[in-house]
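Mind looking over this structure? Questions follow.
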Amino acid sequence: MKRFILLGLTLSKLINASIHLRPHVLEYACKVPEAPSFPVPDGDNPILPISNECSDPKPDSCSFYPDCLEAHLHCGPSGYPIGYGLHYCEKFSALRGQMSAAGKMWVTNTMLCLQRDLVAYGDGSQTTTCDALKLYAFATHADCYVKGGICTLSPTDWVMIIKTVSFKELFGSLNALKATLQTVNGCIGFYLWLIGRDFERLF
């Protein structure tokens, strides 16, 4: 008799325990891990990875032109990104070793200024035509060269600069150069040096 009583108590405890645990077991069993979500590219607008350099160009680097500007606008080998931007960026990078300390700093500052002025097109936040890009980019040249400190360089640095790139390609137009130099303090020496070299003939 005692054996049946003990067996009944044991079964009762097991039933009570299973009732107590059932909600937790069911709750755990019903939880399904969520699948990770990824952006789904539109067929007409594929998602392109954007390098940090496209929105924040790095000093002494020319990769902004092929990896960002050309990658978004596809202007080809003769377009501004490759035919001018990358071409002269690499030429000035090679020239740095022959320039004074101030000249080297001018190359660094100018290269960075020119690229930063084109960030909106390099990171894809704005778009334009290749012809319009070229006009816009050339319009920024004179300002970047002056901001970079070209007016305070030595004549030796000036000579090396114009041997690397013509004044027409450097400033875009004679009028742009005159307008910039005549309105910026500290550029009178460079302006007079250009006049002495008959700089109109250089265009």
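In whole Hz, what ³J(HN,Hα) sequence does region 82-98 give by Karplus (6.51, -1.76, 1.60; θ = phi - 60°), x for Gly and Pro?
Rounded to whole hertz, the list is 9, x, 10, x, 5, 4, 7, 4, 5, 5, 5, 4, 5, 6, 3, x, 9.
Another question, then. Would you work out which of Phe64, Ala132, Asn185 lies farthest towards the positive end of the dipole of region 52-196, given +1 charges on the beta-carbon of Lys and Arg and -1 on that of Asp and Glu, about the Cα centre?
The Cα lying farthest towards the positive end belongs to Asn185.
What FRET efficiency, computed as 1/(1 + (r/R0)^6) with R0 = 35 Å and r the Cβ-Cβ distance, is obtained for Thr129 and Ile195, rounded to the nearest 0.05?
0.45
Starting at the first residue of region 124-141, write each ³J(HN,Hα) from the Karplus equation 6.51 cos²θ - 1.76 cosθ + 1.60 with θ = phi - 60°, in whole Hz, x for Gly and Pro.
So the Karplus estimates, Gly and Pro as x, are x, 6, 9, 10, 7, 8, 5, 5, 5, 4, 4, 4, 5, 5, 4, 5, 8, 4 Hz.
Explain nothing, just the number: relative contact order of region 52-196, from Cα pairs under 8 Å at least 6 residues apart, as a whole percent.
25
At what distance in nm do the modelled label points of Ser61 and Ile188 sit from each other, each positioned 7 Å from its Cα along Cα→Cβ?
4.1
Let me ask another. Using the Karplus curve 6.51 cos²θ - 1.76 cosθ + 1.60 with θ = phi - 60°, what ³J(HN,Hα) values do you get for each residue of region 61-68, in whole Hz, with x for Gly and Pro?
For region 61-68, the Karplus-derived couplings read 10, 10, 5, 4, 5, x, 7, 10 Hz, x marking Gly and Pro.
Could you calculate the contour length gain from Asp143 to Ala102, that is, 0.36 nm times the residue separation minus the distance between their Cα atoms, to one decimal place in nm?
Roughly 13.0 nm would be gained on extension.
Also: How much length would be gained if the chain were fully extended between Tyr136 and Ser93, taking 0.36 nm per residue of separation minus their Cα-Cα distance, in nm to one decimal?
Contour length minus the Cα-Cα distance gives 13.2 nm.
None of the figures in this text is laboratory data; all of them are computed from the coordinates on show. Bear in mind the structure is a predicted one, so any value in this text is a computation, not a measurement. Quick reminder, even Gly has a Cβ in these numbers, built from the backbone with ideal geometry, and neighbours come from all protein chains shown.
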